């Protein structure tokens with residue numbers, strides 16, 4: 001499965017990681033049940049998975065509290081992406 005992953009264009013062109021670098025590998029680790037490794041690889045993986053799950057559930061059956069909940073989860077996801085990116089850049 002790893003041989004089919006998309007390369008990071010930003011990293012290839014500028015030799016600088018993008019905010020999403022590590023997301024594919026972390027998702028693969030979640031599928032392989034390596035939950036700790038996935039979090040260490042890309043801490044934003046779990047808020048993003050919850051975000052995607054909420055969107056999917058609302059697509060199947062609209063949820064009354066969808067808008068407010070998705071807004072909160074989106075904010076948490078962006079927060080985790082920025083924090084993990086900051087750690088990756090300055091570490």
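Before moving on, here are some points about what is shown:
- Criterion (outside any loop (DSSP other than H, G, I, E, B) and surrounded by 11 or more Cβ atoms within 10 Å (Cβ to Cβ)) met by exactly one of 52, 20: 52
- Scanning the stretch 35-78 for residues that are within 21 Å of residue 10 (Cβ to Cβ) and in contact with a helix residue (DSSP H, G or I) (Cβ under 8 Å, 6 or more places away or on another chain) yields 41, 42, 43, 44, 45, 48, 77.
- Residue count for the stretch 1-15, restricted to those that are in a loop (DSSP other than H, G, I, E, B) and surrounded by 11 or more Cβ atoms within 10 Å (Cβ to Cβ): 2
- For the stretch 32-49, a tally of residues being touching a residue at least 24 places away in the same chain (Cβ under 8 Å) and assigned to a loop (DSSP other than H, G, I, E, B) returns 3.
- Neighbours by Cβ (under 8 Å, 6+ apart or cross-chain): first from the stretch 67-80, surrounded by fewer than 16 Cβ atoms within 10 Å (Cβ to Cβ); second not in a helix (DSSP H, G or I): 69/63
Throughout, read-outs are computed from the coordinates displayed, never taken from laboratory work. Model, not experiment: these values are computed from the prediction. Ideal geometry is used to build each Cβ from the backbone, glycine not excepted, and the neighbour counts take in all protein chains shown.
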